[in-house]
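Undergrad: Supplied in structure tokens, the structure appears directly below.
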Amino acid sequence: MGTVRVVEAIERKRAGGELSHEEIESLVLGYVRGEVPDYQLSAWLMAVCCRGMSRRESFDLTSGMGESGNSLGLSQLGFPVADKHSSGGVGDKTTLVVAPLVRSCGVAVAKMSGRGLGFTGGTLDKLESIPGFRVDLSATEFMRQLETEGIVIAGQTPELAPADRKLYALRDVTGTVDSIPLIASSIMSRKLAIGAHGLVLDVKMGSGAFMAKREEARELAELMVAIGTAAGKRVSALLTPMDQPLGQAVGNALEVAEAIRTLRGDGPQDLVELSALLAGEMLYLVGTVESPEAGREAALQALSSGKALTWLERLIALQGGDPRIVERPELMGMAPIVLQVLAPSSGWVTRLDARGIARTALTLGAGRAIKDDSVDPLVGVLLRAKEGAFVEAGEALAELRCRDRGSGERAVAEVLHAYSIGEKPLEKTMDSYERIES
């Protein structure tokens, strides 16, 4: 794509016009090859943020990014493979529960996950808190483990959708991350390159999510489902709440331990319910059950049987981790300092702000403010009271696992700010889950 045509494409998008399939493909592939410079693609990304994209343009952008690299070719396997994706939240360790749960129901799971950035946690960071666990599998290793064992969770290989990595890095430094067409195309280009037969999208909404409003979350979910359906895949989405953290643990090793507890049948109810819903969707999308409801029931039965925990133990061993942590989570290690956050008054917890707890985790060192930050796997927050609970003055609202007392004391103040305690109980709200399928 010549310089003049790039400028024309930028100008047309800035004016609200549509670009052709060939123009979008040339922009994306030209950027990957170094023919389109950063400053021009940055201008186009900003125009997209301001003027949006048509659904057809979003399809073309997804296709162009996916075609910039290789695909795994899962369609050539002789068995169905399921996958899931979360748009990011606080305390979201569902992959650690759902993948072994689905595998215990007889369906293979292939998952390429990411690292945490900002207020969202990353599955790879959680897995790396397990001593020895390898997330850096090659495409060959990934496929071999999938074919022989039917379960694998690893980082994205460099061969898959390289355009997405380059574009995301540019979006991250140019203020163009927050665009629904760009988010949808980024996620779906990677998922389509993996090529699972059934994909469920967990789209978070609320203060601890990228999409704070239900309307925004629904728009993102509908676009991603449409992109996947147009590519010939079975895709559905669940809109799930993220106004307070999921489960009780926020922090990498703490979340692994909570996932293990959940697979033992002793997990927090919100985590159990969401995990069963997601697993049920995956079973339905690959055709092993007749409905998502039947899939949910099958998942709950598998959870109570203990088979899913065996598959987590096997996954850990397959990827070089210490499988003994399933029986002894303390082998992951423990932060040296424990601080209690005490309720300043008696009353009902009327608010537990997910974003505020995420900031606390960052203060303690459990997450990344920028991509190059290191992560402390042992620090984090254990929530002792969530929305709707009654607490007495002086009772523990939360427990902090800290590396040093200075960061811990700052974190105590942040946790207190995230809680609101009132004289009356929180009014019951209707189920916030919403399902979207084409």
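The values are calculated or read from the model by the stated rules, or taken from the named source; none is laboratory data. Quick caveat, the model's predicted, so the values are computed rather than measured. Methodologically, a virtual Cβ is constructed for each residue, glycine included, from the backbone with ideal geometry; neighbour enumeration extends over all protein chains shown. Side chains are part of the model used for accessible areas, which takes the heavy atoms of the whole protein and leaves out ligands, DNA and RNA. Shrake-Rupley method; radii C 1.70, N 1.55, O 1.52, S 1.80 Å.
Results for (1) under 23 Å from PRO162 (Cα atoms); (2) in contact with a His (Cβ under 9 Å, 6 or more places away or on another chain); (3) of a type in the set (D, E, K, R), shown as yes or no for each residue.
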site: CYS49; (1), (2), (3): yes, no, no
site: MET53; (1), (2), (3): yes, no, no
site: SER58; (1), (2), (3): yes, no, no
site: LEU61; (1), (2), (3): yes, no, no
site: GLU67; (1), (2), (3): yes, no, yes
site: LEU74; (1), (2), (3): yes, yes, no
site: PRO80; (1), (2), (3): no, yes, no
site: SER86; (1), (2), (3): yes, no, no
site: GLY89; (1), (2), (3): no, no, no
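Undergrad: Also: Just to be sure before I move on: is THR229 part of a helix (DSSP H, G or I), in contact (Cβ under 8 Å) with a residue 60 or more places away in the chain and more than 19 Å from the chain's Cα centre (by Cα) in the structure I sent? Don't jump to the end; show me each part of the working.
TA: Values: part of a helix (DSSP H, G or I): yes; in contact (Cβ under 8 Å) with a residue 60 or more places away in the chain: yes; more than 19 Å from the chain's Cα centre (by Cα): yes.
Criteria met by THR229.
Undergrad: Search segment 51-68 for residues that are small (Gly, Ala, Ser) and pair each with any residue that is open to solvent by less than 10 Å² (accessible area, probe 1.4 Å) and outside any helix (DSSP H, G or I) when their beta-carbon atoms are under 8 Å apart and the residues are at least 6 apart or on different chains.
TA: Hits for this filter: GLY52/SER179; GLY66/ALA161; SER68/ALA161.
Undergrad: Mind listing whichever residues of segment 270-292 are touching a strand residue (DSSP E or B) at 6+ places or on another chain (Cβ under 8 Å) and under 13 Å from ASP83 (Cα atoms)?
TA: Across segment 270-292, the qualifying residues are LEU278, GLU281, MET282, LEU283, TYR284, LEU285, VAL286.
Conditions (1) under 30 Å from VAL173 (Cα atoms); (2) touching a helix residue (DSSP H, G or I) at 6+ places or on another chain (Cβ under 7 Å), marked per residue:
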{"residue": "ALA358", "(1), (2)": "yes, no"}
{"residue": "ALA366", "(1), (2)": "yes, yes"}
{"residue": "ASP373", "(1), (2)": "yes, no"}
{"residue": "ARG384", "(1), (2)": "no, no"}
{"residue": "VAL391", "(1), (2)": "no, no"}
{"residue": "GLU395", "(1), (2)": "no, no"}
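Undergrad: Looking at (1) over 23 Å from the mean Cα position of the chain (by Cα); (2) under 30 Å from GLY195 (Cβ atoms), which one does PRO336 not meet, given that it meets all the others?
TA: (2)
Undergrad: Within segment 31-41, can one find any residue that is open to solvent by 30 Å² or more (accessible area, probe 1.4 Å) and in contact with a strand residue (DSSP E or B) (Cβ under 8 Å, 6 or more places away or on another chain)? Walk me through how you get there before you give the answer.
TA: Pass one, segment 31-41, residues open to solvent by 30 Å² or more (accessible area, probe 1.4 Å): 32-35, 37-39.
Restricting the remaining residues to those that are in contact with a strand residue (DSSP E or B) (Cβ under 8 Å, 6 or more places away or on another chain) gives none.
Looking for residues that are open to solvent by 30 Å² or more (accessible area, probe 1.4 Å) and in contact with a strand residue (DSSP E or B) (Cβ under 8 Å, 6 or more places away or on another chain), one finds none in segment 31-41, hence no.
Undergrad: So which residues in segment 296-316 are assigned to a helix (DSSP H, G or I), touching a residue at least 40 places away in the same chain (Cβ under 8 Å) and not β-branched (Val, Ile, Thr)? Quick ask: steps written out before the conclusion?
TA: The first filter runs over segment 296-316 and keeps only residues assigned to a helix (DSSP H, G or I), leaving 296-305, 307-316.
Filter once more, so that each one left must be touching a residue at least 40 places away in the same chain (Cβ under 8 Å): 298-299, 302-303, 305, 307-312, 314-316.
Of everything in segment 296-316, those that are assigned to a helix (DSSP H, G or I), touching a residue at least 40 places away in the same chain (Cβ under 8 Å) and not β-branched (Val, Ile, Thr) turn out to be ALA298, ALA299, ALA302, LEU303, SER305, LYS307, ALA308, LEU309, TRP311, LEU312, ARG314, LEU315.
Undergrad: Now for a different question. Taking the residues in segment 177-221 that are among the β-branched types (Val, Ile, Thr) and over 14 Å from the mean Cα position of the chain (by Cα) as candidates, determine which candidate is modelled with the lowest pLDDT. So that I can check it myself, show each step before the final result.
TA: Here is the first cut: in segment 177-221, the residues among the β-branched types (Val, Ile, Thr) are 177, 180, 183, 187, 194, 200, 203.
Restricting the remaining residues to those that are over 14 Å from the mean Cα position of the chain (by Cα) gives 177, 180, 194.
Numbers: VAL177: 82, ILE180: 94, ILE194: 91.
My answer is VAL177.
Undergrad: Looking at VAL235, VAL289, which one is over 27 Å from ARG359 (Cα atoms), assigned to a strand (DSSP E or B) and modelled with pLDDT of 95 or more? Let's see the steps before the verdict.
TA: Numbers: VAL289 fails: assigned to a strand (DSSP E or B).
Exactly one of VAL235, VAL289 is over 27 Å from ARG359 (Cα atoms), assigned to a strand (DSSP E or B) and modelled with pLDDT of 95 or more, namely VAL235.
Undergrad: Going residue by residue through segment 80-93, is there one that turns out to be in a helix (DSSP H, G or I), in contact with a helix residue (DSSP H, G or I) (Cβ under 6 Å, 6 or more places away or on another chain) and surrounded by 20 or more Cβ atoms within 10 Å (Cβ to Cβ)? Break it down into steps so the answer makes sense when it comes.
TA: Start the filter on segment 80-93 by keeping residues that are in a helix (DSSP H, G or I), which leaves none.
The answer is no, given that none of the residues of segment 80-93 is in a helix (DSSP H, G or I), in contact with a helix residue (DSSP H, G or I) (Cβ under 6 Å, 6 or more places away or on another chain) and surrounded by 20 or more Cβ atoms within 10 Å (Cβ to Cβ).
Undergrad: So which of THR176, THR148 is assigned to a helix (DSSP H, G or I) and on the phi < 0 side of the Ramachandran plot?
TA: Working: THR176 fails: assigned to a helix (DSSP H, G or I).
The match here is THR148.
Undergrad: Of all residues in segment 232-260, which are touching a residue at least 40 places away in the same chain (Cβ under 8 Å) and over 12 Å from LYS93 (Cα atoms)? Break it down into steps so the answer makes sense when it comes.
TA: Residues of segment 232-260 touching a residue at least 40 places away in the same chain (Cβ under 8 Å): 233-260.
Passing the criteria: LYS233, ARG234, VAL235, SER236, ALA237, LEU238, LEU239, THR240, PRO241, MET242, ASP243, GLN244.
Undergrad: Of the conditions (1) in contact (Cβ under 8 Å) with a residue 12 or more places away in the chain; (2) closer than 30 Å to SER138 by Cβ, ASP373 fails just one. Which one is it?
TA: Here ASP373 clears every test but (1).
Undergrad: Would you point out which residue out of LEU416, LEU362 is open to solvent by 30 Å² or more (accessible area, probe 1.4 Å), within 26 Å of ASP172 (Cβ to Cβ) and touching a residue at least 24 places away in the same chain (Cβ under 8 Å)? Step through it out loud before you land on a result.
TA: On the way: LEU416 fails: within 26 Å of ASP172 (Cβ to Cβ).
Among LEU416, LEU362, only LEU362 is open to solvent by 30 Å² or more (accessible area, probe 1.4 Å), within 26 Å of ASP172 (Cβ to Cβ) and touching a residue at least 24 places away in the same chain (Cβ under 8 Å).
Undergrad: Among the residues in segment 203-221, are any among the charged types (D, E, K, R) and open to solvent by less than 50 Å² (accessible area, probe 1.4 Å)?
TA: So the first thing to find is which residues in segment 203-221 are among the charged types (D, E, K, R), and the list is 204, 213-216, 218-219.
This time we only want the ones that are open to solvent by less than 50 Å² (accessible area, probe 1.4 Å), so: 204.
Checked against the condition, which is being among the charged types (D, E, K, R) and open to solvent by less than 50 Å² (accessible area, probe 1.4 Å), segment 203-221 yields at least one hit.
Undergrad: Considering only segment 145-169, how many residues are over 17 Å from the mean Cα position of the chain (by Cα), open to solvent by 10 Å² or more (accessible area, probe 1.4 Å) and farther than 14 Å from SER185 by Cα?
TA: 7
Undergrad: A follow-up question, please. Working carefully through the options LEU342, LEU315, LEU274, LEU303, find the one that is under 20 Å from ALA110 (Cα atoms) and more than 20 Å from the chain's Cα centre (by Cα).
TA: Values: LEU342 fails: under 20 Å from ALA110 (Cα atoms); LEU315 fails: more than 20 Å from the chain's Cα centre (by Cα); LEU274 fails: more than 20 Å from the chain's Cα centre (by Cα).
On inspection, the qualifying residue turns out to be LEU303.
Undergrad: If you don't mind, another one. Filter segment 238-279 down to the residues that are basic (Lys, Arg) and not in a helix (DSSP H, G or I) and list them by number.
TA: In the first step, residues of segment 238-279 are kept if they are basic (Lys, Arg); the result is 261, 264.
Within segment 238-279, ARG264 is the sole residue that qualifies.
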